[in-house]
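Heads up, the thing below is written out as structure tokens.
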Amino acid sequence: KTYEELEKTYESFNENDEKALQYVNLYLSKSKKESNYAELKQAYEDYSYYSADKKSKLKYADSALIAAKKAKDNDLLSSAYLYKGSLYYFYFKNYQFALSEYLKAYQYSKNGKSEYLRYKIIYQIGLVKSYLGYYDEALSHFQECLFYFETKTKRNYSSNERYNASKGYLNSLHQIAVCYRNMKNYEKADSIINIGLKFSEIEEFSSEKAYLIKCKGISEYHHKRYNFAITLLQKSLPIFSKDDDFYWSSVSDFYIGKSYLGLGKQEQAIQQF
């Protein structure tokens with residue numbers, strides 16, 4: 001079988017679903033046997049993606065990086081560092097390590113051919129800056145990404161390219177809304193959220209839609225519409241739980257608690273906190 005055919009045997013599985021690994025292993029074995037380092041790098045990243053254990057994810061990401069170095073391709077190296085950085089960011093909440101990997105990824109991307117990859121890296125650097133509270137700097141990164149991804153959703157690209165661009169566009173909108181909210185510019189945050197919710201009506205973007213619904217819930221809290229806030233925030237929680245997104249689950253729980261306080265329901269607020 002070709003690599004594309006092997007990949008199709010497991011691409012429908014969800015992240016962290018180890019039932020996919022038996023199929024990924026066929027891809028891995030083929031790439032090892034053929035000494036195809038580009039495909040080997042992809043195989044290790046897929047193994048990392050479907051592994052449920054966080055340490056295993058990191059171990060396979062390191063293996064992917066070794067394969068990328070053997071392939072001697074700047075885009076592959078950039079992609080491998082980006083992937084490893086995202087693990088540090090998302091699963092380990094180690095932002096110093098994440099930023100270090102992202103900066104390596106960015107350096108290699110400057111000599112690479114993939115524009116899309118370079119903007120993914122800019123987006124991730126924006127995430128770290130936003131987390132650290134540098135909202136003005138983060139906002140400029142996300143706005144740069146938004147412009148790039150938005151153009152890709154409108155042109156005559158392949159369905160896969162449009163899908164990836166749409167995810168990038170929605171994620172950029174989400175982070176811009178987060179920055180505006182933290183800068184206390186609630187009017188601009190609301191405007192951005194509404195654009196995103198209108199775009200994300202398609203079912204395939206359920207995770208991205210949940211982030212925007214969460215933003216809308218927090219916005220409702222700031223407007224003192226506490227019942228609406230609770231409804232929206234509770235709606236987003238199952239998706240965060242499914243995606244193992246502890247950070248935004250915690251934020252949502254916190255604002256549900258704040259909303260209960262706003263309604264004078266102290267006992268429910270305490271339980272929520």
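The values are calculated or read from the model by the stated rules, or taken from the named source; none is laboratory data. Here the structure is a predicted model, which is why all the values come from computation and not from measurement. Note: ideal-geometry Cβ built from the backbone for every residue, glycine included; neighbour counts use all protein chains shown. SASA here: full protein model, heavy atoms, side chains in, ligands and nucleic acids out. Shrake-Rupley method; radii C 1.70, N 1.55, O 1.52, S 1.80 Å.
Test K41 against the stated conditions and say whether it is basic (K, R), open to solvent by 30 Å² or more (accessible area, probe 1.4 Å), out of contact with any Lys or Arg (no Cβ under 8 Å at 6 or more places or on another chain) and part of a helix (DSSP H, G or I). Considered against the rule, which asks whether it is basic (K, R), open to solvent by 30 Å² or more (accessible area, probe 1.4 Å), out of contact with any Lys or Arg (no Cβ under 8 Å at 6 or more places or on another chain) and part of a helix (DSSP H, G or I), K41 comes out as no.
Cβ separations smaller than 7 Å between residues 6+ apart or across chains give no pair from region 21-37 residues that are within 11 Å of Y50 (Cα to Cα) and touching a residue at least 12 places away in the same chain (Cβ under 8 Å) to residues that are assigned to a loop (DSSP other than H, G, I, E, B) and open to solvent by 80 Å² or more (accessible area, probe 1.4 Å). Given the conditions (1) at pLDDT below 95; (2) assigned to a helix (DSSP H, G or I), report the number of the one that E15 does not fulfil. Going through the list (1) at pLDDT below 95; (2) assigned to a helix (DSSP H, G or I), E15 breaks only (2). Return the residue satisfying two criteria in turn: it lies in region 118-137 and is part of a helix (DSSP H, G or I) and over 21 Å from Y91 (Cβ atoms), and of such residues it is most open to solvent (accessible area, probe 1.4 Å). Applying the filter and picking the extreme gives D136. Of the residues Y23, Y81, the single one that is at pLDDT 95 or above, closer than 24 Å to L127 by Cα and in a helix (DSSP H, G or I) is Y81.
What are the pairs, 6+ residues apart or on separate chains, where a residue within region 234-255 that is within 25 Å of Q266 (Cβ to Cβ) and at pLDDT 85 or above has its Cβ under 9 Å from a residue that is part of a helix (DSSP H, G or I) and β-branched (V, I, T)? Pairs found: Q234/I256; K235/I213; S236/I213; L237/I256; V251/I218; S252/I218; Y255/I218; Y255/I230.
Conditions tested, residue by residue: (1) closer than 29 Å to H141 by Cα; (2) touching a residue at least 40 places away in the same chain (Cβ under 8 Å); (3) under 17 Å from the mean Cα position of the chain (by Cα).
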position: Y50; (1), (2), (3): no, yes, yes
position: L77; (1), (2), (3): yes, no, no
position: L99; (1), (2), (3): yes, no, yes
position: G126; (1), (2), (3): yes, yes, yes
